[in-house]
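A quick write-up on the structure given underneath.
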Amino acid sequence: MGILNVTPDSFSDGGRFLSPKIAIEHGLKMAADGADWIDVGGESTRPGALPVSVDEELERVLPVIEGLVERGLRVSIDTMKSGVAKEAVRAGATLINDVTGWSDPEMGTVCAESGAAVCLMHMQGEPRTMQANPTYANVVHEVRDFLVERAEFAHSLGIARDRIYIDPGIGFGKKLEHNLDLLRHLTDFVQTGYPVLLGTSRKSFIGRILGSAEAPLPTEERLEGTLATQAIAESAGIAILRVHDVLSAVRFSKIYRAITEPD
């Protein structure tokens, strides 16, 4: 899944793809590089990010979704707002990726009526405050239990289990040790029976490990660290990897699978 942020303030590529024309071109390039999905987001969820209105988010994402769908690409909408999700599906999006696990009380109904696949992610708190002081007694158990409860609720609304993805939310209300613990136990999430989506691409924990807490490695220098997490994800059986650097991820995956899945 290729990441396409049409925002001015996303943590890695904010402002690069605000123009619909440039955003569509980048989406096409990611698809040519091997992305199966293009995930379009119009509101930054980086730590400290401020919310935007439904109208502003729609103004950012709809032209891009329509342009990509017209060219035959599979598109997901990265939003926490039911109003945005509804219009995005009308524009052709076929997966609703909600980083809050349906904090919007109308999101479940919108998803069920849309016929789209869904991704439910765990986030402790909200973007503005999530990294203030996240705490857990057992991060793996708590995140897994939350996601299973949300997924079961989604299924009770009529969404097929194989169309419900879960995402442990690396970097969303988690300290460094929480992120590493979740990555060490990805099989716990795969064993729930729900397909797992994972996003670690260029995340701050990678920058801190390769640099320091005071001087993390810049986002554009985190590819090797991202690919290391991809190896863990692939070995655990993750269904979808959400990445910025599609070509590198696809090449890595081809070699990994040639070694681990011989004919």
**Message:** Please determine whether any residue of the range 133-145 is within 27 Å of GLY2 (Cβ to Cβ), modelled with pLDDT of 95 or more, of a type in the set (Asp, Glu) and not in a loop (DSSP other than H, G, I, E, B).
**Reply:** no
**Request:** Just name the residue that is farthest from the chain's Cα centre (by Cα) out of those in the range 118-141 that are aliphatic (A, V, I, L, M) and buried (at least 21 other Cβ atoms within 10 Å of the Cβ).
**Result:** VAL139
**Prompt:** Which one of these is surrounded by 22 or more Cβ atoms within 10 Å (Cβ to Cβ), in a loop (DSSP other than H, G, I, E, B) and of a type outside the set (Phe, Trp, Tyr): ALA49, ALA23, ALA35?
**Reply:** ALA35
**Request:** Output yes when any residue across the range 142-165 is of a type in the set (A, V, I, L, M, F, W, C), surrounded by fewer than 24 Cβ atoms within 10 Å (Cβ to Cβ) and within 26 Å of ALA31 (Cα to Cα), and no when none is.
**Result:** yes
**Complete:** ARG202 passes all but one of the listed conditions (1) surrounded by 18 or more Cβ atoms within 10 Å (Cβ to Cβ); (2) of a type outside the set (A, V, I, L, M); (3) free of Cβ contacts under 8 Å to residues at least 60 places away in the same chain; (4) in contact with a helix residue (DSSP H, G or I) (Cβ under 7 Å, 6 or more places away or on another chain); the exception is number (3)
**Request:** Determine whether the range 227-241 contains at least one residue that is farther than 19 Å from CYS119 by Cα and without any contact (Cβ under 8 Å) to a residue 24 or more places away in the chain.
**Result:** yes
**Pair list, Cβ < 8 Å and 6+ apart or interchain, from the range 105-130 residues that are at pLDDT 90 or above and in a strand (DSSP E or B) to residues that are crowded, with 20+ Cβ neighbours inside 10 Å and among the charged types (D, E, K, R)** = VAL118/ASP98; CYS119/ASP98; CYS119/ASP167; LEU120/ASP98; LEU120/ARG150; LEU120/ASP167; MET121/ASP98; MET121/ASP167
**Message:** When you check VAL64 against the structure, is it part of a loop (DSSP other than H, G, I, E, B) and on the phi < 0 side of the Ramachandran plot, yes or no?
**Reply:** no
**Request:** Return the only residue of MET80, MET30 being assigned to a loop (DSSP other than H, G, I, E, B), crowded, with 20+ Cβ neighbours inside 10 Å and of a type in the set (A, V, I, L, M, F, W, C).
**Result:** MET80
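The values are calculated or read from the model by the stated rules, or taken from the named source; none is laboratory data. Here the structure is a predicted model, which is why all the values come from computation and not from measurement. Heads up, the Cβs are rebuilt from the backbone with ideal geometry, glycines too, and the neighbour counts pull from every protein chain shown.
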